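Just below is one structure, and these are the notes that go with it.
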Amino acid sequence: MNSKREYSFDILRVISMCMVIIIHVSNVYSRSYGIISNKSFLFSLIFNTISRISVPIFLMISGALLLERDFNKKKYLNRIKKFIILTIIWDIIYLVWEYYYLGITYNNFYKLLLEPFRAHLWYLYTILIIYIIQPLLKIILEKSNKKIKIVLLILWLLFSTISIKISFIANYFTIFCYIGYFIIGNYLYKYIKKNELKKYTLPLSILIVISYGISILLNYMFSRRYNMFYNLFFAYRTPFIIIATFSFFTIIVSNNNKKISNFIISLSDLSFGVYLIHGIFLDITVKSFIYGSINSLIGIPLFFIIILISSLVSVVILKKIKFIKKIVE
């Protein structure tokens with residue numbers, strides 16, 4: 001696994017990279033409930049929901065790769081060091097950016113130790129925690145038999161369902177939800193490779209559509225009921241997103257075993273940098289354009305393309321600068 005590139009992961013990274021941008025663009029529309037038309041709001045919910053499998057897939061890819069490798073103390077410490085530095089650097093970048101470009105001030109600097117300055121940087125904090133406990137997770141996987149793994153999966157799914165109604169559980173379950181994606185990414189990947197699952201592509205696709213449909217319908221209904229943007233039913237911990245994520249991951253991995261184009265591989269290598277920097281171009285489009293004046297069916301694809309291209313170009317340029325490239329790799 002270490003010596004052979006898994007091209008399906010490159011495809012998943014590129015798709016997830018695009019979906020993350022779509023989430024943040026569609027959020028601008030979705031949070032404008034009551035200001036934009038109902039049709040525009042509904043379209044934003046559809047884009048928003050479809051893209052919610054992105055971050056879980058990133059976590060599953062990391063789990064599939066890292067939990068399969070032999071533990072290397074030097075690489076382990078270097079990885080943790082890298083993400084600590086990245087977290088600090090990107091918090092500072094957005095701190096300065098929002099102060100000078102958006103005029104936002106931030107006084108409680110000590111909070112940056114526990115929570116990100118910019119919302120989408122939560123992923124760095126989360127993945128850092130997971131990387132720190134990675135050796136423990138690897139031991140748990142190696143020492144657990146099949147029955148124990150199944151029981152843990154059932155409990156994970158049970159808590160995800162209960163957390164929809166009980167906020168107390170949701171507050172404490174969230175991080176375990178991400179850890180679950182990390183672990184299951186490894187287990188599911190190995191299972192797919194040992195079994196022929198390509199024949200289940202159609203039923204899995206139908207399952208994705210049903211999961212998306214339920215999530216969109218419930219969020220729309222509750223938004224109308226409470227007269228505000230309601231987004232509980234596409235949270236990463238909900239059964240609908242979990243089912244869609246596992247199904248999509250299985251479809252891509254089981255159907256893509258051949259080498260892909262160098263273009264997709266190049267985009268895959270840029271995906272992490274795009275994730276980090278795209279918030280800047282999101283701010284620019286929000287400040288430069290009146291999102292609400294353009295229907296979301298047109299606006300979301302339009303602003304997505306602008307932000308994606310701007311982010312890709314920026315990351316390519318930064319990676320050519322010797323002393324800066326490390327912050328986007």
Restricting attention to the stretch 158-167, which residues are in a helix (DSSP H, G or I) and either at positive phi or out of contact with any Pro (no Cβ under 7 Å at 6 or more places or on another chain) (or both)? Leu158, Phe159, Ile162, Ser167
Might you check whether a residue that is within 22 Å of the chain's Cα centre (by Cα), modelled with pLDDT under 95 and either among the charged types (D, E, K, R) or part of a helix (DSSP H, G or I) (or both) occurs anywhere in the stretch 190-200? yes
What do you reckon, is Ile21 farther than 17 Å from His120 by Cα and in contact (Cβ under 8 Å) with a residue 40 or more places away in the chain? no
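So which residues in the stretch 286-324 are more than 17 Å from Met17 (Cβ to Cβ), assigned to a helix (DSSP H, G or I) and either of a type in the set (S, T, N, Q) or touching a Ser or Thr at 6+ places or on another chain (Cβ under 6 Å) (or both)?
Matches in the stretch 286-324: Ser288, Gly292, Ser293, Ser296.
Conditions (1) over 28 Å from Glu68 (Cβ atoms); (2) acidic (Asp, Glu); (3) modelled with pLDDT of 90 or more, marked per residue:
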{"position": "Ile175", "(1), (2), (3)": "no, no, no"}
{"position": "Leu202", "(1), (2), (3)": "yes, no, yes"}
{"position": "Ser205", "(1), (2), (3)": "no, no, yes"}
{"position": "Tyr212", "(1), (2), (3)": "yes, no, yes"}
{"position": "Tyr230", "(1), (2), (3)": "yes, no, yes"}
The listed residue being crowded, with 20+ Cβ neighbours inside 10 Å and closer than 30 Å to Tyr200 by Cα, out of Ser261, Ser271, Ser266, Ser296: Ser271
Need at least 2 residues that are charged (D, E, K, R) per element, so show me which helices (runs of 4 or more DSSP H) inside the stretch 1-93 make the cut, counting only ones lying wholly within it. 7-30
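From Ile321, Ile242, Ile327, Ile309, which residue is surrounded by 17 or more Cβ atoms within 10 Å (Cβ to Cβ), over 16 Å from the mean Cα position of the chain (by Cα) and at pLDDT 90 or above?
So the residue among Ile321, Ile242, Ile327, Ile309 that is surrounded by 17 or more Cβ atoms within 10 Å (Cβ to Cβ), over 16 Å from the mean Cα position of the chain (by Cα) and at pLDDT 90 or above is Ile327.
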Give the stretch 255-304 a look and list any residue that's touching an Asp or Glu at 6+ places or on another chain (Cβ under 8 Å), farther than 15 Å from Tyr29 by Cα and not aliphatic (A, V, I, L, M), or say none. Ser268, Phe272, Gly273
For the subset of the stretch 99-146 comprising residues that are of a type in the set (A, V, I, L, M) and more than 21 Å from Phe173 (Cα to Cα), which member is modelled with the lowest pLDDT? Leu112
Filter the stretch 258-283 down to the residues that are aliphatic (A, V, I, L, M) and either within 19 Å of Lys320 (Cα to Cα) or part of a helix (DSSP H, G or I) (or both) and list them by number. Ile264, Ile265, Leu267, Leu270, Val274, Leu276, Ile277, Ile280, Leu282
Would you please list the contacts, defined by Cβ atoms under 7 Å and residues six or more apart or on different chains, that run from a residue in the stretch 183-204 that is touching a residue at least 12 places away in the same chain (Cβ under 8 Å) to a residue that is among the basic types (Lys, Arg)? Tyr187/Lys149
Looking at the stretch 34-59 only, could you name the residues that are buried (at least 20 other Cβ atoms within 10 Å of the Cβ) and within 15 Å of Ser293 (Cα to Cα)? Ile36, Ser40, Phe41, Phe43, Ser44
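Conditions (1) of a type in the set (Gly, Ala, Ser); (2) loosely packed, with under 13 Cβ neighbours inside 10 Å; (3) touching a Ser or Thr at 6+ places or on another chain (Cβ under 8 Å), marked per residue:
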residue: Ile139; (1), (2), (3): no, yes, no
residue: Lys143; (1), (2), (3): no, yes, no
residue: Lys147; (1), (2), (3): no, yes, no
residue: Leu152; (1), (2), (3): no, no, yes
residue: Ile184; (1), (2), (3): no, no, no
residue: Leu202; (1), (2), (3): no, yes, no
residue: Ser223; (1), (2), (3): yes, no, no
residue: Tyr226; (1), (2), (3): no, yes, no
Which numbered condition in (1) modelled with pLDDT of 95 or more; (2) among the aliphatic types (A, V, I, L, M); (3) farther than 20 Å from Thr245 by Cβ is the only one that Ile15 fails? (3)
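The values are calculated or read from the model by the stated rules, or taken from the named source; none is laboratory data. Bear in mind the structure is a predicted one, so any value in this text is a computation, not a measurement. Cβ coordinates were reconstructed from backbone atoms using ideal geometry, including for glycine residues, and neighbour counts include every protein chain displayed.
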